[in-house]
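See structure below.
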Amino acid sequence: MYPKDLKYTEEHEWVRVEDGVATVGITHYAQEQLGDIVFVELPEVGQRLEKGESFGVVESVKTVSDLYSPVSGTVTAINEELLDAPEKVNEDPYGAGWMIKLELADEGELAELLDAAEYTRMLEEEG
Amino acid sequence: MTEPLIFELSSPGRQGYSLPSLDVPDKAVEDLLPAEELRPEPPRLPEVSEVDVVRHFTRLSNMNHGVDNDFYPLGSCTMKYNPKVNEDVARLPGFINLHPYQAEETVQGALRLMYELQRYLAEIGGVDAVSLQPAAGAHGELTGLLLIKAYHADRGEARDVIIVPDSAHGTNPATVTMCGFKVRVVKSDERGGVDLDSLRQALSDDVAGLMLTNPNTLGLFDENIHIIADLVHEAGGLLYYDGANANAILGIARPGDMGFDVVHFNLHKTFSTPHGGGGPGSGPVGVKEVLVPYLPVPIAEKRDEGYVLSYDVPKSIGRMKAFYGNFGVAVKAYAYIRSMGPDGLRRVSEDAVLNANYLMRRLAEYYDLPYDRHCKHEFVLSGSGLKKKFGVRTLDVAKRLLDYGFHPPTVYFPLIVDEALMIEPTETESRETLDRFAAAMIAIAKEAEEDPDRLKGAPYTMVVGRLDEALAARQPNLAWRED
């Protein structure tokens with residue numbers, strides 16, 4: 001449920017880095033806590049994000065939550081399919097449910113994120 | 001059985017009225033209005049008789065649940081009973097026949113009521129002045145933050161961050177954003193209050209203020225409020241009191257004394273005016289001396305010559321609402337304050353807190369109680385155990401409560417409690433009602449163990465069963481179409 005090749009944040013986002021491009025989404029735990037997701041609001045391509053800055057909003061039948069960027073960078077793509085099919089975040093959070101792609105500003109920030117084992121431990125501690 | 005739409009009741013040619021024949025010269029509408037203003041065909045309105053309309057809407061109203069039907073423990077909403085004397089007073093001919101443009105000397109009674117309500121709310125809140133203009137709680141928040149913004153701008157300070165705790169009402173961060181400020185979230189500590197270390201880290205010279213509800217959305221009073229107020233003030237910020245939970249503090253604690261600079265009250269919660277569909281609401285804002293220069297105009301004042309509406313506030317943020325706020329609501333709140341009196345208002349809060357603690361202890365054996373300490377006017381349970389043990393979610397508990405004849409409590413809020421159930425009984429409920437509700441909640445907890453599928457399919461006694469909320473949100477179907 002928490003792939004080893006991803007990095008995680010305490011706010012339950014994940015990031016996958018390939019060739020300097022970071023793909024960002026929310027974790028299995030986050031989608032499960034939110035319940036059925038009915039709306040996803042994403043930034044404009046080209047927007048510059050700081051690490052920890054809100055890049056969008058995810059709305060479920062239960063609640064509305066901000067999405068926080070795990071790293072700094074410039075938005076190069078957004079998953080436009082989520083605008084019509086937000087349920088993809090529930091169905092496939094690490095695949096078809098990805099949210100944005102960022103061109104990394106500082107690869108060093110990746111080291112500050114949690115790995116799968118650390119993230120899983122955090123979830124267990126939170127109970 | 002569901003009720004058809006009024007359009008589906010339509011029958012061609014049926015009418016609910018019959019007008020007398022025309023006794024003045026007929027003139028075609030085409031001669032009176034320019035062509036571009038005319039519809040090519042008449043609007044497709046339902047063709048129904050008067051009795052069709054009356055029965056249709058009466059049936060719909062009977063499907064509703066209100067505080068006049070039964071218990072309505074919706075947390076942070078203070079669904080207290082609305083005394084009918086308030087309605088009597090608000091319907092006095094001298095009030096309902098007023099016109100907002102009437103000369104001041106002809107509306108002295110109304111102005112006196114506004115002035116006195118301003119003073120009463122100032123006394124209850126421990127503040128120096130009050131504006132009755134905001135139309136509801138979130139509008140009060142907007143007004144309050146605009147006052148804070150005007151204060152900093154006037155001092156030439158560029159501060160654009162408002163601190164909000166993670167237990168805050170959703171309206172708080174929304175208001176911050178509406179005002180052009182940025183939200184900075186502080187965490188709650190293990191007792192459910194503001195985490196002081198997190199607050200210290202969040203404070204800097206860009207902070208314009210902090211928004212806080214006290215008691216907070218967990219129904220817990222933040223005992224560190226004086227420390228919090230000092231820290232924010234030392235950093236140059238101001239404190240905003242979200243009055244949504246003021247039903248816990250009447251005559252006992254005052255936001256102004258706690259260190260808050262601006263306060264809003266929800267007359268439709270704390271002061272027994274109708275709430276929700278029976279509204280409108282009213283969200284007066286009170287301020288300490290430092291913010292008085294920026295208050296919205298007009299303000300009711302008492303002068304030697306009588307009561308007046310004063311526009312003499314040079315640095316005012318301007319008008320927040322047409323005319324003078326929701327005056328009829330102010331009349332009802334005034335009637336409530338006068339009928340309760342100071343001792344009665346204190347008793348309101350004491351009974352609200354007693355009712356909440358009684359219910360909390362009765363239910364704590366059957367549901368999880370994440371913050372096990374005395375609560376104020378409301379408390380938050382968690383359905384986390386039911387979910388882990390029996391796969392039953394808080395949503396299922398809420399839906400099943402409908403079958404027992406109760407409006408469910410607030411669910412899934414505050415966000416910091418897993419599977420939250422936020423229960424606010426209010427002071428107007430008797431011990432018998434609380435026991436009846438507790439019995440239903442306990443029966444549901446037992447059903448969760450013995451027959452969880454029963455809960456997952458609830459409700460069974462309503463006009464419709466379990467609705468697909470996700471589908472409704474993803475593919476909203478809101479408009480009737482003929483075909």
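Bear in mind that the values in this text are calculations on the coordinates, not laboratory data. Everything quoted here is computed from the prediction, not taken from an experiment. Neighbour counts are summed over all protein chains in view; Cβ atoms, including those assigned to glycine, are modelled from backbone coordinates with ideal geometry.
Remark: the Cα gyration tensor places the protein assembly as shown in the rounded category, a/c being less than 1.5.
If only the Cβ of Lys and Arg carry +1 and only the Cβ of Asp and Glu carry -1, the dipole of the range B:228-307 around its Cα centre is close to 320 debye.
Remark: relative contact order (chain B) = 18 percent; criterion is Cα-Cα distance under 8 angstrom and separation of 6 or more residues. Relative contact order for the range B:400-446: 32 percent, from Cα pairs under 8 Å spaced at least 6 residues apart, divided by residue count.
The spacing between the range B:277-352 and the range B:212-258, judged by their C-alpha centroids, is 20 Å. With a ≥ b ≥ c the root eigenvalues of the C-alpha gyration tensor of the range A:7-126, is it rounded (a/c under 1.5), prolate (a/b larger than b/c) or oblate? Oblate is the answer for the range A:7-126, as a/c is 1.5 or above yet b/c matches or exceeds a/b.
Which longest uninterrupted range of chain B lacks any chymotrypsin sites (Phe, Trp or Tyr not before Pro) assigned by DSSP to a loop state (not H, G, I, E or B) and surrounded by at most 15 other Cβ atoms within 10 Å? Answer from the scan: B:102-310. Within chain B, the selection of entire DSSP H helices by a Cα span of 27 Å or greater along the long axis and an average Kyte-Doolittle value of at least -1.0 returns B:327-363, B:431-450.
With both labels modelled 7 Å from their Cα along Cα-to-Cβ, the A:ASP92 to A:GLU118 distance reads 3.0 nm.
Over chain B, dividing the summed -39,500 (n - 2.57) contributions of all DSSP H runs of at least 4 residues by the number of residues returns a 222 nm mean residue ellipticity of -11000 deg cm²/dmol. Amide H to amide H distances under 5 Å link B:SER310 with B:ILE299, B:ALA300, B:GLU301, where only residues 5 or more positions off or on other chains count and H is placed in the peptide plane. Comparing Cα centroids, the range A:1-77 and the range B:81-155 end up 44 angstrom apart. Between B:ALA158 and B:TYR101, the modelled label-to-label distance comes to 4.5 nm, taking each label 7 Å out from Cα in the direction of the beta carbon.
Here the contact order of chain A, divided by its residue count and restricted to Cα pairs under 8 Å and six or more residues apart, works out to 31 percent.
Given their separation in residues at 0.36 nm each and the Cα-Cα distance between them, B:ARG347 and B:GLU449 gain 32.8 nm when the chain is fully extended. The alpha carbon convex hull volume per residue for the range B:1-105 rounds to 316 Å³.
Net charge near B:ARG481, counting Lys/Arg +1 and Asp/Glu -1 over other residues with Cβ under 12 Å of its Cβ? With Lys, Arg at +1 and Asp, Glu at -1, the net is -2. Every pair of different Cα atoms in chain B enters the Kirkwood calculation, which places the hydrodynamic radius at 25.1 Å. The Cα atoms of the range B:301-449 give a gyration tensor whose axes a ≥ b ≥ c have a/c of 1.5 or more with a/b greater than b/c, which makes the shape prolate.
Reducing the range B:1-30 and the range B:430-481 to their Cα centroids gives an inter-centroid distance of 40 Å.
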